[in-house]
Each structure stands twice: as C-alpha cells, then as structure tokens.
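The values are calculated or read from the model by the stated rules, or taken from the named source; none is laboratory data. Just so it is clear, the model here is predicted, and its values are computed rather than measured. Backbone-built Cβ (ideal geometry, glycine too); neighbour counts: all protein chains shown.
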Amino acid sequence: MTFPGPATPPPPPPQPPIPSQTTPALAGDARTSLLTRLRSLPLLWPIVALLVLLLVDLIHSPAFFHIRLINTAAAGEAAHWQFFGSPIDILNRGAPVMLMALGMAMVIGTGGIDLSVGAVMAISGAIAAAMLVPNQTAFIGMTPKGTAAAILLGLLLAGLAGVWNGVLVAIFRVQPIVATLVLMVAGRGIAQLITRDLQPAIPESTWPAFAYLGRGTLFWLPVPVTVVTLVAIATILITRLTALGLFIESIGNNPVASAYAGVPARLVTILAYTFSGLCAGLAGLIQSSNVMSADPNKTGLNRELDAILAVAVGGTALTGGRFSLIGALLGALIMQTLDTTILTSSLPSETTMVVEAIVVIAICLLQSEKLRSLVVRAFSVLWPRATA
Amino acid sequence: MAEGDRVKQALRILRSPLLSTALVLLLLILFGWIKYPGFGSAFTFVTLIQDHSHLGIVAVGVTLVILSGGIDLSVGAAIGLGTVVMAVMMQHHYSVGLAIAATILLLTVGGALQGLIVHGFTVPPFLITLGGMFLYRGCALLITTDQIPVRNPGFDAISNISYRFLPWMHFKPTPSVSLQGILLVAVLIVAGVMLRWTRFGRNIYAVGGSESSALLMGLPVARTKIAVYAWSGLCAGIASLSALVGQPAGAALRAQGLELDAIAVAVIGGTLLTGGVGSATGTFMGLVIYGVIEKIVSFQGALPAWTRITVGALLLAFILLQQWLRRFATRDAAA
C-alpha cells in the first residue's frame, strides 16, 4: 500500500540535563524543555480546550456541575436510580460521535479515513426498524423478529460494510478517501431502499427492550454512556495491552515496511475498518433507539465529518501513524460541550456551525509544522534566551 | 518496430478512462432509448442539462481542484450561502447585477483564502475545506434560517434569458436552452480551453502529477494551487446563480451533500482523485451519466434511492478501473 507521507513522530522530550550546571543556563534549558514538552504532549491541548469550555459553562451557569442521583421509578415500582445533570447530558448526546471517533481513530491510525460511517449509521438503523416493524419498511408481511435480531443484524450489516471498505483499501489498494466514498454515496441509498424512503416509527410499548438501548439506565448512567465506556475500555485494553495498536501505527507509518517486518498489514487494516463499521452500526442503533424511528435521509448525516473532526481535535494527525483513543473521546466531548455551551448561552444556535468551522481551521493550523516553526522562529526573535 | 509502437499507442487510447466513460454513457443512452420512446429526444437532453446545471458547474470547479491534487468539500455549502446572499441583497433592493457580482466575488475570495491556507501552511485540503463548509453553512444560517423568495423584476428578466438553438432546422417546438444551460456550457468551455491551451491549465496537471517535480521545474506551484481553489469558489458563485434561477428562493440548507455528487461526477468522468489526470469533457460526460441514470430510475418508477446506489456502483467500477490502469501504467514505465 502506498499511503502518502509517513508521519514522523516528534522526538521524545530531552532528558533533564545534569543538575551541576550554572543557574542561567539551567533556566534557559528549563524553558526550552518546557516548550518542547508542551509541543510533544498530544493530549495537553484537548484537555485545556475542554477545561476552558467547562469553565465557561460554570461561569455562565453555576449549577452546571450539579449532578444528582434521582430515583425515576414511579410509585410502587422497584427503585430505579439515575444520575442527572448537564455533564451527563453532554456524555449522553455525544455518545454516538464518541463511538464513531473510536473507530475512526483506528482507521486514521492506519493512514486511512472512513467517510462511510454516517451512511452505515443509517443502514443499521434502517435494518433494525425492518426487523421490528417490517410492515413500515420494504420487508412487508414478514413477522417482526425482535430486538435481538434487530441489534445483531444491524451490527452484522455494519461490520460487513466495514469489511467491504477494508478489502477495497487493503486488497484492491484503493485510496481510502475514494474507497469509502463509494459506500458514503451508495449506503444512504441502501438505507432508503430498506425503509422504502419512509421513516418507520418503532412503538416503544411493543419494543421496550430496543428502547432501553437509547433511553434506559445501566449502572446509574444512561445506557449509551455505559456502552461507550465499556467499548472504550475494551478498545484501549486490546490495542495497548497487545501489539495491535503498534501494528496499526506501523502500518500508518509505512505499510510496505511493516508488511516486510511481518506485520499482517492487510488483515490489520481490514480489522480497523471493520471495527469502525461496527462502531458506526452501534451508534446508528443507539440513535434510532433514542428517537424510536429510522430516518434514512437524516440519520448520521454529516456525522462522518464530526467523527473525523473529533479525532483531529483530539490531537491525532490525519496523516496516520499514530492514534490516541482517549484523544478521540476527548475530541468528541469537546465538540459536544461546545454545542451545549452555545445552546445554553444567549448566542443564537446557528452560531454552532461557525464556531465549529473556526475550531476546525484553528486545529489544522495548530497541527501545521510550517506554522509551528514560524511561531518558534518568531518566539526566538522576541525572546532569544528561551530557545538559545 | 513502428508497427508495434502504433499498436501500443492504440492500446493506450483504449485504456484511457475517458473512453470507458463515453462507453458507459453510450450504453446508458441506448438502454434508455430502446426501453422508453422519446428518451433520446433533444428535449430530454436539454432539460437534463438544465436540471443539473448547478451540479455540473461545481463539478467543473471541483475537477480542477482534484486535478491539482486537492479536494474541495465546501462547494455545496457555498451554493447555500450564495443563494442566501443573493436573495437577501435583492430583498434589500440592491440591484440584481450588484447582488450577483458581490456573491460571486465573495465565494471566489473565500475559495482563494482556502487555497492560501492549504498551500501556505501545508494542511490537508480535506480538513480546511471541511472547515470552509461549516463556515459557509453557518454564516448562511446566521444570516437567515428562513427561505427568502426572490421577487425582483430584474432577476425575472435575467431568469427568462434563453437561447434558441438551430432555428433554421425548424424543429417543433423550437429547442431552447435556459440561462442555467448557458451558464453550464460557458463554464465548461472556459474550463476546457483553460485546461488544454493555457499555461495555467498545463500547470494544474503538472502540480497534480507531482508537486515537487513541478516546483523543481520552476512552475508557479503556489499561484496555481491558490488559483484552483479560487476557481472552484468562482464556479460555486456561478452555480448559486444557476440554482437561484432554477428555484428562486434563497435558503441556507440548499444543495446539502452536493459536494459529494460533484466529486462522484468528476470521478465517473475519468478524473483521478490522486490528481494529474482528467478533463472538463470527462466531467461533462460524468454529469450526463448522472442525469441519465436519474432519468432511467424515474422512468422505471423505481425509488430515487436507486440513483444513489447506481452512482455508487459506477463510482466503484471506475475506481477499480483506474486502479487497474495505473498498475498497467507502472508496468509500462518499468518495462
């Protein structure tokens, strides 16, 4: 595979110098190493951004962090405790994009990109609706198959979509943007076919188990939040405790060299795309369970861009070769917090897109080596001792 | 030896993606013609071009960007913003000419700025134009979330411009093409001439083929790359005029997802997404293929979803074909 431009990771922070040095030089070195260290800490800026946003929220509404544990059970039912509060809301609403960002981070780690996740969301939602309310979809006359079938089939189709993308990229060596563009264009059409371009409503009274996925409570948290947490923990453990994460990054750095080094490059690439598809499928199921409907035209529209954005905001360079799952989660949270901040502030809600645009462009510029070296040069002119 | 070279030459032409595009187009039209009477009439063809005029115009813009090795995702949102700006300016009684000129200028400058950032800071064009897309859409929404109908006699006069072609042939009814069609054809001709016969056009191919080689050859890489994005913005401006003529109401959410269709049209027209290969003619054929597929789907009475699926399948076929051709090319180069 010939992916463009292997990313060279920044050098590790230099070891602190031997302490027996003169004080002025040490001060200069300390500043330099602080600068270098700041530049080499990928998660610093996302965390700062999130904290700043949360601070703005806190100043704006002091009750922002007021999280309560409330019993939502009606009188006479068993106790049913759930956390409530703005942060929980942000987590809950951000869950689909957080899931997709996990998958996207892996794919971007291999040096690829997955544009099809929005369409895959629509497909999994549509097939779930087809299993639950077949008469409102293209499966007229079929008996409803139940929640388990809906979820399994949704995930199966989404996984297949991922395999398809992976095979195009790894076996047929199609450029990832192009390979996933095919499904991005056609996938929504498939979802429209499944639902006959309708928006089937799934009655909650008939399918309480399906509604639980997007509206229920598990471990005192909304189910989507719990699902994201579990998936995230599992993914981080699998990629960082085994060599899988390293394999992915080596493929992103140089697919040919890693294949020569014995990394099963094709298999790992296909796995990354499959995982991304599965995450998108799960996100689609959560979304349609949340609204108890499947809209093939609107579900997941532009969500692929949100997921890519979340990964980029989280400090993962789009050139591949490195990925940070926690960064991706943070990125998705930043975007969702930004959304919520604008909605709860007095600004018109239409500002969201403009602010998002500014964030995207700013992130790109921050990641630009050219701009960084310019800044460092300007810095060294203004403050020569720091970089001496 | 000469004989072998000639055979090789012929084979090379046969392998050109443009030929497969033409072949697909021919087959589709034949299919439509045999199956549905009246499918192949000039009238169908003209309405097809008029209906997809704004898609075609931005596709031509995007083609040049892709040729230079970049991508532009902002064109759909640019049309949304363009229609809103034009409609709002006319609502506030600015003259029609000023509204159109200001919109086109705004989007051209916007495109140039994106090009400047992409080239100046070597950031991925995918992300910067994605930011541009959000910015355009967001600004349009900030201006208004309503549909602004255009009620302006001057604009109506412009909308009614049409060109009656082949009057001496005495067709009944006389075929005529509306302003939308005229705009598309004009943009196509300008792009075609520019790509083939101007220094700027040749520079685009050189930059898209290999940016570092172009730089070493002393070609103005920076100027070319920025100009290409500006051109895409210009096309988006003209396309918003065309869209407004077709449906005289400005709305921020118009032309959602159009950028993808434009890229698909360019690829089906034989443009390589890695840059350096493609043509305006090819993109025009891609547009007609897109239109013909839509027509056939609607004639069949099938769900409109089939258009997307067929376009996706064609996209796949062309991508695999390009892949195969490239493998051939590298083998030729190695031999």
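Against the list (1) in contact (Cβ under 8 Å) with a residue 12 or more places away in the chain; (2) out of contact with any Lys or Arg (no Cβ under 9 Å at 6 or more places or on another chain); (3) part of a helix (DSSP H, G or I), the condition A:M121 fails is (2).
Take the residues in the range A:171-195 that are in contact with a Leu (Cβ under 7 Å, 6 or more places away or on another chain) and either more than 8 Å from chain B (Cβ to nearest Cβ) or not hydrophobic (A, V, I, L, M, F, W, C) (or both), then tell me which one is farthest from B:I71 (Cα to Cα).
Of everything passing the filter in the range A:171-195, A:Q192 is farthest from B:I71 (Cα to Cα).
Of the helices (runs of 4 or more DSSP H) lying entirely inside the range A:164-245, those carrying at least 2 residues that are out of contact with any Lys or Arg (no Cβ under 9 Å at 6 or more places or on another chain) and of a type in the set (F, W, Y) are A:208-215.
Are any of the residues in the range A:254-261 in a loop (DSSP other than H, G, I, E, B), within 14 Å of chain B (Cβ to nearest Cβ) and surrounded by fewer than 20 Cβ atoms within 10 Å (Cβ to Cβ)?
At the first step, the residues of the range A:254-261 found to be in a loop (DSSP other than H, G, I, E, B) are A:254, A:261.
Subset that is within 14 Å of chain B (Cβ to nearest Cβ): none.
So far as the range A:254-261 goes, no, none of its residues is in a loop (DSSP other than H, G, I, E, B), within 14 Å of chain B (Cβ to nearest Cβ) and surrounded by fewer than 20 Cβ atoms within 10 Å (Cβ to Cβ).
For the range B:230-240, which positions are surrounded by fewer than 24 Cβ atoms within 10 Å (Cβ to Cβ) and either small (G, A, S) or without any contact (Cβ under 8 Å) to a residue 40 or more places away in the chain (or both)? Step through it out loud before you land on a result.
Step one: filter the range B:230-240 for residues surrounded by fewer than 24 Cβ atoms within 10 Å (Cβ to Cβ), giving B:230, B:234.
Once the filter is applied, which keeps residues that are surrounded by fewer than 24 Cβ atoms within 10 Å (Cβ to Cβ) and either small (G, A, S) or without any contact (Cβ under 8 Å) to a residue 40 or more places away in the chain (or both), the range B:230-240 yields only B:A230.
Of all residues in the range A:331-364, those being at the interface with chain B (Cβ under 10 Å from one of its Cβ atoms), more than 30 Å from A:S258 (Cα to Cα), part of a helix (DSSP H, G or I) and not β-branched (V, I, T) number 4.
One residue is enough: does the range B:129-148 have a residue meeting the conditions surrounded by fewer than 16 Cβ atoms within 10 Å (Cβ to Cβ), of a type in the set (S, T, N, Q) and either in contact with a Gly (Cβ under 8 Å, 6 or more places away or on another chain) or farther than 30 Å from A:I308 by Cβ (or both)? Yes, because at least one residue in the range B:129-148 is surrounded by fewer than 16 Cβ atoms within 10 Å (Cβ to Cβ), of a type in the set (S, T, N, Q) and either in contact with a Gly (Cβ under 8 Å, 6 or more places away or on another chain) or farther than 30 Å from A:I308 by Cβ (or both).
Residues are listed down the side, and each one gets a yes or a no for (1) modelled with pLDDT under 75; (2) farther than 23 Å from B:T129 by Cβ; (3) more than 26 Å from the chain's Cα centre (by Cα):
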| position | (1), (2), (3) |
| --- | --- |
| A:G331 | no, no, no |
| A:I358 | no, no, no |
| A:I361 | no, no, no |
| A:K370 | no, no, yes |
| A:A386 | yes, yes, yes |
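Inspect all residues belonging to the range A:377-385 and state whether any of them is surrounded by 15 or more Cβ atoms within 10 Å (Cβ to Cβ) and either more than 14 Å from every other protein chain (Cβ to nearest Cβ) or part of a helix (DSSP H, G or I) (or both). Working first, answer last.
Residues of the range A:377-385 that are surrounded by 15 or more Cβ atoms within 10 Å (Cβ to Cβ), as a first pass: none.
Within the range A:377-385 (the criterion being surrounded by 15 or more Cβ atoms within 10 Å (Cβ to Cβ) and either more than 14 Å from every other protein chain (Cβ to nearest Cβ) or part of a helix (DSSP H, G or I) (or both)), the answer is no, since none of the residues qualifies.
Cβ separations smaller than 9 Å between residues 6+ apart or across chains give the following pairs from the range B:241-270 residues that are within 20 Å of B:I182 (Cβ to Cβ) to residues that are of a type in the set (G, A, S) and assigned to a loop (DSSP other than H, G, I, E, B): B:A243/B:A255.
Does A:V227 meet the test of being of a type outside the set (F, W, Y), under 17 Å from A:I286 (Cα atoms) and buried (at least 19 other Cβ atoms within 10 Å of the Cβ)? Steps first, please.
Working: of a type outside the set (F, W, Y): yes; under 17 Å from A:I286 (Cα atoms): yes; buried (at least 19 other Cβ atoms within 10 Å of the Cβ): yes.
Yes: the conditions hold for A:V227.
Does A:A158 meet the test of being closer than 21 Å to A:R303 by Cα and within 14 Å of chain B (Cβ to nearest Cβ)?
Details: closer than 21 Å to A:R303 by Cα: yes; within 14 Å of chain B (Cβ to nearest Cβ): no.
Against the criterion (closer than 21 Å to A:R303 by Cα and within 14 Å of chain B (Cβ to nearest Cβ)), A:A158 does not qualify.
For beta carbons closer than 7 Å, sequence separation of 6+ or different chains, a first residue in the range A:288-306 that is more than 14 Å from every other protein chain (Cβ to nearest Cβ) and a second that is of a type in the set (D, E, K, R) and surrounded by fewer than 20 Cβ atoms within 10 Å (Cβ to Cβ), the qualifying pairs are A:S289/A:R215; A:N290/A:R215; A:M292/A:E204.
Of all residues in the range A:317-330, how many are within 12 Å of chain B (Cβ to nearest Cβ) and either part of a helix (DSSP H, G or I) or buried (at least 23 other Cβ atoms within 10 Å of the Cβ) (or both)? Full working, then the answer.
Quick first cut of the range A:317-330, residues within 12 Å of chain B (Cβ to nearest Cβ) only: A:317-320.
When the remaining residues are screened for being either part of a helix (DSSP H, G or I) or buried (at least 23 other Cβ atoms within 10 Å of the Cβ) (or both), the result is A:320.
Residues flagged as within 12 Å of chain B (Cβ to nearest Cβ) and either part of a helix (DSSP H, G or I) or buried (at least 23 other Cβ atoms within 10 Å of the Cβ) (or both) within the range A:317-330 amount to 1.
Filtered by the rule that a residue be touching a Leu at 6+ places or on another chain (Cβ under 9 Å), surrounded by fewer than 17 Cβ atoms within 10 Å (Cβ to Cβ) and of a type outside the set (S, T, Y), the range A:204-224 gives a lone residue, A:W220.
So which residues in the range A:170-199 are crowded, with 22+ Cβ neighbours inside 10 Å, touching a residue at least 60 places away in the same chain (Cβ under 8 Å) and over 20 Å from A:R303 (Cβ atoms), if there are any at all? The one that is crowded, with 22+ Cβ neighbours inside 10 Å, touching a residue at least 60 places away in the same chain (Cβ under 8 Å) and over 20 Å from A:R303 (Cβ atoms): A:A170.
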